[in-house]
Amino acid sequence: MDILIRKFGQVDKHPVDLITLKNAQNFTMSITNYGCIVTSITMPDRTGHIDDIVLGYDTLEQYLQGHPFFGAIAGRFANRIADGVFHLNQQKYQLEKNELATQQHLHGGKKGFDKFIWGYDIEQTETMIMIHFHRVSCDGEAGYPGNLMMTHSIGLDENNQVHFYFNAITDKPTIINLTNHSYYNLLGHNKGTIEGHILKVFADFYTPTNDNLIPTGEILKLSDTPLDFTQATLLSNNMNKLPRHEIDHNFILRKEYFDDTYHLAAELYEPISGRFMSVITTQPAIQIYNGSKLSNKNWIGRDSYKYESFSGICFETQHFPNSPNYAHFPTTQLNPGERYSHKTIHQLSIH
């Protein structure tokens, strides 16, 4: 395992680094401590040709100008909270309504975890490198209660696995829901859309949403819907049956166990390149988003390539959207004396 750290720029005179990890199989991953953003993941295809398989930018300045969470951490609460309102121990909290199109609270607000510089430490062994990013989210930040002490660990190992670990403690009851928001295109970030990918999701139920993408509170079966990916399915086949071809839904994982710690979440295969990705997690759900809104703005990414709708697909392992407002959803409350701890691994291979 090799590691290279270089200066990526600065924010308000504070230096920002770019950390690149490389294993013996020619897989690399680059991460910056601004927003814990995974800027790049490169891997060979079945012929040995190397492509970057996540959407992203070449420079820090591009990230600072705004982006749709390319590769970033989403928090303190990933996904949406209806009208930005939740109640905790009989107290009402009002968060920012920062999603302009829906007027909902999204991914932690105007300045979520994706817009902070994180401190970091490096843990290295012969077969793995982990970057442990850390910061304190202060009581009242973006409207959330409690000082939250956070560690987000991102790593690469010699088995071509990308690791995302989240740990947090609080000094006051709060809510928390964290995820990585990378957009994958296994053909290559600049090779068109993900419509030719084949997707399997280890879920039988989902949470339907209203027009503002807020769960209605129902839990419905996926069978006989265009969201049924219980069998490996060509993405375009199901997308063509959906309004605006949009997938932006929360799938409830059936907890089909991979091992004693992780259960299976999703598998993605790109038949031209032979690239395959399996997602395993400890989280109860996965929000899958197929980048349908990317054409809403002019996103010029790495290699000056313009990202259009469906240029990438996100696998946001997490708790359910709007969980604080539904008692029958898995709780996202974190209390003093408890530890928030979740792990997700993206296993990359060539078939």
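Listed highest first by mean packing, meaning other Cβ atoms within 10 Å per residue, what order do 248-260, 7-19 come in?
On the way: 248-260: 16.4, 7-19: 14.2.
So the peptides 248-260, 7-19, ranked by packing, come out 248-260, 7-19.
Write out the GluC sites (Glu not before Pro) in region 285-342 meeting two conditions: DSSP loop, and at most 16 other Cβ atoms within 10 Å of their Cβ. List each step's numbers first, then the result.
Values: sites: E308, E316, E338; in loops: E308, E338.
When the GluC sites (Glu not before Pro) of region 285-342 are filtered for loop state and at most 16 Cβ neighbours within 10 Å, E308, E338 remain.
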Mind jotting down the distance between the C-alpha centroids of region 50-78 and region 178-196, whole Å?
12 Å
With the Cα gyration tensor of the chain giving a ≥ b ≥ c as the square roots of its eigenvalues, does the rule (a/c under 1.5 for rounded; else a/b larger than b/c for prolate; else oblate) give rounded, prolate or oblate?
rounded
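To the nearest 20 debye, what is the magnitude of the charge dipole of region 2-350 about its Cα centre, counting +1 on the Cβ of each Lys and Arg and -1 on the Cβ of each Asp and Glu? Before the final figure, lay out the partial values.
Values: 28 positive and 37 negative charges, 130 e Å.
I would put it at about 620 debye.
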Which residues' amide hydrogens lie under 5 Å from the amide hydrogen of W299, considering only partners 5 or more residues apart or on another chain, with H built in the peptide plane?
Y307
Spelling out what I want: for every residue of region 14-23, take phi, set θ = phi - 60°, compute 6.51 cos²θ - 1.76 cosθ + 1.60 (Karplus), and round to whole Hz; glycine and proline get x.
8, x, 10, 9, 10, 10, 10, 10, 9, 10
Counting pairs of alpha carbon atoms under 8 Å apart in space and at least six apart in sequence, what relative contact order in percent does region 186-337 give?
25 percent
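Give me the net charge for the shell around N23: Cβ to Cβ below 12 angstrom, other residues only, Lys and Arg +1, Asp and Glu -1.
On the way: positive: K22; negative: D2, E126, D157, E158.
Charge balance in the 12 Å sphere: -3.
Sequence gap at least 6, Cα distance under 8 Å: using those rules, report the relative contact order of the chain to the nearest whole percent. Please list the in-between numbers first.
Details: 918 pairs, mean separation 61.9, N = 351.
Computed value for the chain: 18 percent relative contact order.
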Near the amide H of D17, under 5 Å away, which other amide H atoms are found, from residues 5 or more places off or on another chain, if H is placed in the peptide plane?
F8, N33, Y34
Sum of -39500 (n - 2.57) over DSSP H runs of 4+, divided by residues of the chain (222 nm, nearest 500)
-500 deg cm²/dmol
Say the cut-off is 20 Å between C-alpha atoms; which of K241/K293; K13/K306; K110/K297 go over it?
K13/K306
In sequence order, what are the phi-derived ³J(HN,Hα) couplings for region 119-126 according to the Karplus relation 6.51 cos²θ - 1.76 cosθ + 1.60 with θ = phi - 60°, rounded to whole Hz, with x for glycine and proline?
x, 7, 10, 10, 10, 10, 10, 5
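Bear in mind that the values in this text are calculations on the coordinates, not laboratory data. Quick caveat: nothing in here was measured; it's all calculated off a predicted structure. Cβ sites come from the backbone with ideal geometry, for glycine too, and all protein chains shown count toward neighbours.
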